[in-house]
Amino acid sequence: MGSLALIGIVALTSVAAYLVATQCFGWRHDTLPAAMGETLECIGLAAIFLAGNLAVGAALVFGSRIFLDRFISVYGLSDIALVLLSLLQAIVLQSWRRSR
Amino acid sequence: MRGLRCLGLIVLLLFAVAAFTPLANLINIRMAGVPHVEPSDAIVVLGRGGADSDGVLTNRSLRRLLRGVGLYHDGFAPLLVLSGSAGEAHARTTLARGFGIPETAILTTARARTTREEAEEIARLLLPLGQRRILLVADPIDMPRSRALMEHSGFVVRPVPTAATGPSNPESRLGLLRDLVTELAGWTYYRLNGAL
């Protein structure tokens, strides 16, 4: 499946979600920009968490090589799971901030 | 919060460019450089990703091996040097034999844990035999650093990247960009500790 098809699918379901939210649940469309702003904040937070996780991971990898004489490959840090976990951290922090 | 929003927007734009444009492919082509295939003393296939616990090579490791085997069968060098972790080197050797390469033409080294150590190990293996001209098989994205390390160890390197343009789907392009960031970090690390 081509890249454009993926974008098309996501666009289609986004429009459907917008229609369901405004027509069925009565959500106001003028609050959407604020929600998108919060989403950008969440992504920004995730980037900060990812940088922090990578920094801590690198420190542990090189620390174990230097101080414990134990080799751990740095490639373990490039796992895609770290990105998803960082996003999870950001979502939790963002939700926490909003619920205060 | 404004700063966070800006950062989020930058990340989102980077994601879109990385996944849905050929930027990663262009970087891949640039990193690969021009292949230089000519008769040499040995074909060096660097390790990449090891082998799974059941002894199956990772995609990249297998791709490199196949390129090396092809070069051997085309008569570009009489020796095939296989590097990597113990499991990877073993699986590669078994496969190479299966592809009809005689045991006497295969040299393995399985002690190295980093590319730098691989370069040192292979130098210990080949340089005393007077074999300096090597065909270096690696992924395009790894080639500049691998080549520099092998040259630093005393080899005359002819690069043979495994592919040129790279993947064309968003997921693989993102993976390629992740590899690029990893590679830049590795390059910086080697520069800082004097390995390059």
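List of remarks:
- Note on the range B:146-196: residues that are surrounded by 15 or more Cβ atoms within 10 Å (Cβ to Cβ), of a type in the set (Val, Ile, Thr) and more than 30 Å from residue A:7 (Cα to Cα) total 3.
- Matching entry among B:24, B:32, B:16 (being crowded, with 19+ Cβ neighbours inside 10 Å and either over 13 Å from the mean Cα position of the chain (by Cα) or within 22 Å of residue A:43 (Cα to Cα) (or both)): B:24
- Look at the range B:6-25: where a residue is more than 15 Å from residue A:87 (Cα to Cα) and at the interface with chain A (Cβ under 9 Å from one of its Cβ atoms) and a partner is among the hydroxyl-bearing types (Ser, Thr, Tyr) and assigned to a helix (DSSP H, G or I), sitting 6+ places away or on another chain with Cβ atoms under 6 Å, you get B:20/A:3.
- Residue in the range B:78-89 that is hydrophobic (A, V, I, L, M, F, W, C) and part of a helix (DSSP H, G or I) present: yes
- Any hit, the range B:106-115, residues being surrounded by fewer than 21 Cβ atoms within 10 Å (Cβ to Cβ), in a helix (DSSP H, G or I), within 12 Å of chain A (Cβ to nearest Cβ) and more than 15 Å from the chain's Cα centre (by Cα): no
- Qualifying position, being in contact with a helix residue (DSSP H, G or I) (Cβ under 9 Å, 6 or more places away or on another chain) and within 12 Å of chain A (Cβ to nearest Cβ), among B:172, B:153: B:172
All of the numbers you see were taken from the coordinates with simple rules; none came from a lab. Because the structure is predicted, anything quoted here is derived from the model rather than measured. Positions of Cβ are generated from backbone atoms using ideal geometry, with glycine treated the same way; all protein chains shown enter the neighbour counts.
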